[in-house]
1. Go through Pro196, Ser11, Thr114 and say which Cα lies farthest out towards the positive end of the charge dipole of the chain; charges sit on Cβ, +1 for Lys and Arg, -1 for Asp and Glu.
2. Taking neighbour counts of Cβ atoms within 10 Å as a proxy for exposure, in what order, fewest first, do Glu212, Glu162, Glu262, Glu233 appear?
3. Taking the Cα centre of the chain as origin, sum charge times position over the Cβ atoms of Lys and Arg (+1) and Asp and Glu (-1), and report the length of that vector in debye to the nearest 20.
4. In debye to the nearest 20, how big a dipole does segment 104-189 give about its Cα centre with +1 on each Lys and Arg Cβ and -1 on each Asp and Glu Cβ?
5. For the residues Lys5, Lys81, Lys156, what sequence is obtained by ranking on other C-beta atoms within 10 Å, fewest first?
6. Can you check what the Kirkwood hydrodynamic radius comes to for the chain, Cα pairs only, in Å to one decimal?
7. Distance cut-off 23 Å, Cα to Cα: go down the list Lys2/Lys27; Lys145/Lys296; Lys12/Lys156; Lys62/Lys156; Lys12/Lys62 and report the pairs above it.
8. Which values of log₁₀ I(q)/I(0), to two decimal places, follow from the Debye formula for segment 155-272 at q = 0.16, 0.21 Å⁻¹ with a uniform point scatterer at every Cα?
Amino acid sequence: MKVIKVGTRKSKLAMTQTQQLVDQLKKLHPERDFVLVPYTTKGDRLTHVSLQEIGGKGVFVKEIERALLAGEIDMAVHSLKDMPAKLAEGCALGAISQREDVRDCLIFRQAGQTLADLPEGALIGTSSIRRQVQLQAQRPDLAFKPLRGNIDTRIKKLEEGEYDAIVLAMAGLNRLGWLDQSRLHIQPLETSLCLPAISQGALAVECREEDEELRQLLATVQDEKTAAEVAVERVVLAQMNADCTFPIAAFAQKNGQDYQLEAMLAKEDGQCVFVSLKGQDGQQLAEQAVRQLADKGAVGMPWLKK
């Protein structure tokens, strides 16, 4: 029985979360062997420029998808938030695993601080426009400076005094064990304060569309609730013709047959527009959310489909 080659980005977070997912597969299928194949993507190499400047859509997945289609690997594990709404032709989502904490968080250089009591003009590190506009809605006096690189690098820059606080995803910190370290001064940002990126906290396993045997194996780690929720969020992504670099957010929660969907779009003047909807048809709910965002002032935004 052949070894299954698993593509992943080379960062510590990507390698860790890929190994965690492979461990789930091994537990269910102890007869199968897996090997990780790391890649350095365009998004990983060009950390000195913004993601918007280097192409936005798929900068963390395109090279891995090419390797998948070329047969160099059999499957790949991605942070679903990094994946464009449309996959490369010939690729398919084999599974979406159980979602981690969806929230963002602030990490402060000094203990005992919160967003509310940061000094006026405090410098916040983030390269996410989505995060910036939502925090500015609460604290318009704050200053922002781009921050890219892996989690360890970002935390080091904070501790060296380059920023007063930085914004990171709780999911990544938890997967790397950072939340167990008391040296970090963390304030989780509730979704009512900062809506997460579309699909934040969810991992996706990508494989070749034609590989039916592997797809059946991957389906065993699928979390149906997570898959249903992120599917609704990704309709918003597709309808807006957007990617993870755009100032949009969507968070769907499924309870029984009902979906609760919160969505946000930042207008060109930086103002955040929010909608909140509830219903049983996730597709229709997402499409309705996009229409309502447009009705509230998003008309003419460059990333909205004409």
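Only the coordinates and a few stated rules stand behind these numbers; no lab work does. Fair warning: this is a prediction, and the values are worked out from it, not measured in the lab. Cβ placement follows ideal geometry from the backbone for every residue including glycine, while neighbour counts extend to all protein chains displayed.
1. Positive-end residue among those listed: Ser11.
2. Ranked by crowding around the Cβ, least crowded first: Glu212, Glu162, Glu262, Glu233.
3. 440
4. Roughly 320 debye, rounded to the nearest 20.
5. Ranking Lys5, Lys81, Lys156 by Cβ neighbours within 10 Å, fewest first, gives Lys156, Lys5, Lys81.
6. Kirkwood radius, the chain: 20.1 Å.
7. Check vs 23 Å cut-off fails for Lys145/Lys296; Lys62/Lys156.
8. Per q value, in the given order, log10 I(q)/I(0) is -0.99, -1.27.
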